[in-house]
Amino acid sequence: MSSNTAHKWRFGARPKLSSKSSILCVDEDEELLRLRKGILEDAGYAVLVATTGARALELLTDTQVSLVLSGHMVRATSGNALAAEMKRVKPEVPVVLYCGHLPDSLAHVDGFINNEESRPNFLALIAGFIRTHREHVERTLAS
């Protein structure tokens, strides 16, 4: 990291994401977020992380995101409730729950990935959700 970039990071400027697909990962467990971020970055994605719903909504509002990958519980709210708020901000961005069991309701989410999935299956599912999002955006722009 150049000293100029390091200087900007210290003073809160947000780095611009590259043209690669970006994923917003939301979970209250910072260790799980680090692991998930590493896997996704190794696969070529730009990854933003948030440990609270408020921070996730802020990042979603301020950044172009291809997918939101959220845990089932995020600091006193459910992933489904957070998804409902996110859909009010950017209804076109898919929100996928990533947890160990299928929640009672998936009313506001676009999908579910079990955290027991193998890495190849996990990445294939992520790629599928992003591809579907990209195709939707392209159709919308073409019409």
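The values are calculated or read from the model by the stated rules, or taken from the named source; none is laboratory data. If you're wondering where the values come from, they're calculated on a predicted model, not measured in any experiment. Positions of Cβ are generated from backbone atoms using ideal geometry, with glycine treated the same way; all protein chains shown enter the neighbour counts. The protein model used for the area step is the full one, side chains on, heavy atoms only, and it has no ligands, DNA or RNA in it. Shrake-Rupley method; radii C 1.70, N 1.55, O 1.52, S 1.80 Å.
Annotations
- Residues whose amide H comes within less than 5 Å of that of LEU48, counting only those at least five positions distant or on another chain, are ILE23, LEU24, CYS25 (H built at 1.01 Å from N in the peptide plane).
- At the residue level, ARG119 shows approximately 130 square angstrom of accessible surface with a 1.4 angstrom probe and all protein chains present.
- Linear extension gain, THR63 paired with ALA43, 0.36 nm per residue minus alpha-carbon span: 5.2 nm
- Treating r as the C-beta distance of GLU31 and LEU141 and R0 as 41 Å, the FRET efficiency rounds to 0.60.
- Ranked order, ASP29, ASP62 - accessible area, probe 1.4 Å, largest first: ASP62, ASP29
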